[in-house]
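What follows is a set of notes on a single structure, which appears directly below.
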Amino acid sequence: MNRFLDIYQFTHFRKFLEEYQTARAQAEPGFTRTEICNLLGLEKSRSYFADVLRGKKVSPRMVAKFIEILELDKKEAKYFETMVELDQAKNDAARNAAMQELLKLHPNPQHILNEDAYEYYSRGYHSALFAILDAMDVGDDMAPVQKRIFPKVPLGKLKDSLALLERLGLARKNEEGFWKPTKESISSGPYNNADLIKQYQLQCFELSKQALMAPPKKPTVMSTLTFSISSEAYKKLEAELQEFKAKARRIIGEDKEHADGVYQMNIHLFSLLDERRETKDER
């Protein structure tokens, strides 16, 4: 294990870099962010390390330099490279492949998440089926679900999804032979892995796009608001959204009527300004 910080405690390479620098600087006060830039051969780009922590893309050449500076062994180096690939993946397929590779490389994959939990969050239809089980009487025949679920999911995938929910303890058969959810809702809980949840959110965003492009359904609510506000007003707005989510959960939890619909609600609030300073591209 690296003498300054255990890399296997991380799945975000930027977070690892930040905490590694802090940990090593305690033993070697000269190991500053500026010194890291010097060691990388970027004496004239002293903000480079800070820019990487803020999201700047890292080239393969710089990845190799980081590995040398971080004093990583062969296995740790491969793990670091894979974390970078996960962070900089251009599509879901690449992101999935990187996460699977991380699981293989980690000495204790359970520390990240187990494979079933990973599978649950990697496909949006698993959470959809979980909710559908509450609204429909579903037996072993998944054909009725396959006819109604949006967007369409192959029958075999739905059967696999049901088996996954059972393995995770999220669904079981009742006395009438119907599969029902074992809890009212699911949060990320012990599988709160930032990269994984980000991937799950991307699945949800894609579903929103498909719902927007599909023939109109009732009820459907879609609205967008673009605005400029102060930092203080933003904090108030964020607090109001958190309160709204809490209220929505209460309404859902207190609903004693039989569920006759399955819905998804996504809430997005993000900045349209890049706050990062512009720097020269690494050569």
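The values are calculated or read from the model by the stated rules, or taken from the named source; none is laboratory data. This structure is a prediction, so every number in the text was calculated from the model and none was measured. Quick reminder, even Gly has a Cβ in these numbers, built from the backbone with ideal geometry, and neighbours come from all protein chains shown.
For the structure I just gave you, tell me whether residue 158 is modelled with pLDDT of 90 or more, farther than 30 Å from residue 9 by Cβ and more than 20 Å from the chain's Cα centre (by Cα). The answer is yes for residue 158.
Every residue, every condition in (1) assigned to a loop (DSSP other than H, G, I, E, B); (2) at pLDDT below 70; (3) over 23 Å from residue 273 (Cα atoms); (4) aliphatic (A, V, I, L, M), yes or no:
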{"position": "207", "(1), (2), (3), (4)": "no, no, yes, yes"}
{"position": "215", "(1), (2), (3), (4)": "yes, no, yes, no"}
{"position": "218", "(1), (2), (3), (4)": "yes, yes, yes, no"}
{"position": "222", "(1), (2), (3), (4)": "yes, no, yes, yes"}
{"position": "235", "(1), (2), (3), (4)": "no, no, no, no"}
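Residue count for region 36-52 satisfying the condition of being within 16 Å of residue 68 (Cα to Cα) and crowded, with 17+ Cβ neighbours inside 10 Å: 5. Filtered by the rule that a residue be modelled with pLDDT of 80 or more and aromatic (Phe, Trp, Tyr), region 77-120 gives 79, 80, 120. Exactly one residue among 85, 71, 76 is more than 25 Å from residue 197 (Cα to Cα) and acidic (Asp, Glu), and that residue is 71. Among the residues of region 254-273, count how many are over 24 Å from the mean Cα position of the chain (by Cα), farther than 19 Å from residue 208 by Cβ and surrounded by fewer than 10 Cβ atoms within 10 Å (Cβ to Cβ). Count: 5. Annotation note: Cβ proximity below 8 Å between a residue of region 122-139 that is free of Cβ contacts under 8 Å to residues at least 40 places away in the same chain and a residue that is among the small types (Gly, Ala, Ser) (sequence gap 6+ or interchain) occurs for 125/161; 126/161; 129/161.
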